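All remarks here apply to the structure that follows.
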Amino acid sequence: MMQDIAMYILDLANNSLYANARNINICLIVDRQVDRLQLSISDDGQGMEDFIVEQATDPFYTTRKTRKIGLGLAFFKALADQCDGEFTLKSKKGVGTTVMIDIRNSHIDTPPIGDLSSTLITLIQADDLVDYRFTYRYDHQEFEFDTRKIKSMLDDVKINELNILLWIKEFLSERINELQEGKR
Amino acid sequence: MKSLAELEKLRDITKKKIELRDGDCDYRIVVGMATCGIAAGARPVLNALIAEATEAEYSCTIAQTGCIGMCTLEPLVEVFDKNGNKTTYVLINPEKAVEIMREHIGKGNIVEKYTVGSVKR
Ligand SMILES: Nc1ncnc2c1ncn2[C@@H]1O[C@H](COP(=O)(O)OP(=O)(O)OP(=O)(O)O)[C@@H](O)[C@H]1O
Ligand SMILES: [Mg+2]
């Protein structure tokens with residue numbers, strides 16, 4: 001299992017990257033009043049056939065060549081089962097995939113949020129042609145980050161130039177901390 | 001607070017740096033980023049490499065890959081030199097990653113103690 005939510009996000013968005021997605025939407029909602037944590041990752045990648053959707057959370061299903069088990073979705077589903085929650089996987093061949101969980105925020109097994117800005121720059125670094133929209137709602141405040149907006153300011157400089165990535169990381173850390181501390 | 005205006009300045013600085021770059025990089029660094037790698041701590045390793053490479057301006061590119069096939073030895077970092085020679089480093093953490101960057105990428109010395117050959121022995 002993963003130590004924090006940010007690691008799940010990285011792992012699931014990597015599935016989207018392997019499915020050749022060009023647009024990945026990550027939405028994290030923490031609402032302490034209703035005591036829920038919702039996370040969804042959706043992509044416009046190659047999707048899965050219906051019969052594969054059924055098997056995809058089985059650790060013994062993978063399209064990897066290096067080993068016979070695929071753990072990502074099995075871990076994510078186990079997290080939902082453990083934390084009073086629900087797991088949903090929707091996918092359509094040729095259209096895309098959405099995976100989400102809705103769990104109890106205060107559950108003892110609900111992991112901490114973790115380092116979201118590291119996760120995001122790791123994803124951006126992997127492929128500059130993929131775009132991300134990250135929406136984070138914490139109680140009633142919301143923060144949205146879109147790589148398209150950043151790219152529109154960069155002219156022909158790539159978004160995954162290392163010093164640009166480091167700037168984005170700091171930018172995100174500041175906004176995310178502010179959001180979580182409820183100062184907005 | 002970081003402002004988007006600052007990003008424009010950084011863009012212009014970066015443009016100039018890119019113009020000054022000469023030819024191919026000396027090294028290509030690859031970090032394993034499948035579930036096995038992520039669970040073992042590959043993300044902080046990659047972030048440490050990015051920070052160190054940016055600060056010291058080493059001649060290297062950094063890339064990510066899926067499962068390399070040695071899941072129990074993750075986090076894995078592979079270093080390829082210009083001639084295609086590969087060094088595989090295993091069980092890496094951010095501190096070891098910085099050491100590899102300074103020694104191997106910076107000075108050309110392979111850090112034997114972290115290579116797959118030394119660890120497996
Ligand atoms: N977003 C997605 N789009 C298309 N197919 C997917 C997506 N996510 C998962 N799959 C399919 O489901 C399989 C199982 O995914 P899972 O994350 O559980 O394991 P894995 O990615 O194969 O390996 P691991 O996550 O352990 O590195 C994948 O091999 C892939 O075929
Ligand atoms: Mg996976």
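A short reminder: the numbers here are calculations on the coordinates, not readings from a lab. For clarity, every value in this text was computed on a predicted model and none was experimentally measured. Positions of Cβ are generated from backbone atoms using ideal geometry, with glycine treated the same way; all protein chains shown enter the neighbour counts.
Assorted remarks:
- Order by protection proxy (mean Cβ within 10 Å, highest first), peptides A:24-36, A:116-128: A:116-128, A:24-36
- 19 Å Cα-Cα reach of B:LYS16 towards aspartates and glutamates, excluding residues that sit fewer than 8 places from it in its own chain: A:ASP155, A:ASP156, A:GLU161, B:GLU6, B:GLU8, B:ASP24, B:GLU55, B:GLU57
- DSSP beta bridges in segment A:1-140 [antiparallel fraction, %, rounded to 5]: 75 percent
- Convex hull volume per residue for segment B:1-52, taking Cα atoms only, in Å³: 131 Å³
- Considering only B:ARG11, B:ARG43, B:ARG21, the Gaussian network model of chain B with Cα springs below 10 Å gives its largest mean-square fluctuation to B:ARG11.
- Neighbour-count ranking [beta-carbon atoms within 10 angstrom, fewest first] of A:THR62, A:THR97, B:THR35: A:THR62, A:THR97, B:THR35
- Computed E for A:LYS93/A:ASP146 - FRET, C-beta separation, R0 25 angstrom, nearest 0.05: 0.40
- Note on A:GLN46 and A:ARG133: with the Förster distance fixed at 25 Å, the Cβ-Cβ geometry gives a FRET efficiency of about 0.80.
- Calculated [222 nm] ellipticity per residue, helices only, for the protein assembly as shown: -11500 deg cm²/dmol; basis is -39500 (n - 2.57) per DSSP H run with n ≥ 4, divided by all residues, nearest 500.
- Value of Rg/Rh across segment A:5-180 [Cα atoms, Kirkwood radius]: 0.97
- Per the Debye calculation on chain B with a single equal scatterer at every Cα and no solvent contribution, log₁₀ I(q)/I(0) for q = 0.10, 0.12, 0.13, 0.16 Å⁻¹ amounts to -0.34, -0.48, -0.55, -0.78.
- Sequence-distant contacts, meaning Cα pairs under 8 Å at least 6 residues apart, place the relative contact order of segment B:1-94 at 34 percent.
- Packing, taken as the mean count of other beta carbons within 10 Å per residue, orders the peptides B:96-106, A:136-146 from highest to lowest as B:96-106, A:136-146.
- Given charges at Cβ of Lys, Arg, Asp, Glu: segment B:15-114 dipole, positive-most of B:ILE92, B:ILE62, B:VAL79: B:ILE62
- Too-long pairs where the Cα-Cα distance tops 27 Å, listed order kept, from B:LYS15/B:LYS86; A:LYS169/B:LYS82; A:LYS77/A:LYS158; B:LYS17/B:LYS82; A:LYS149/B:LYS9: B:LYS15/B:LYS86; A:LYS169/B:LYS82; A:LYS77/A:LYS158
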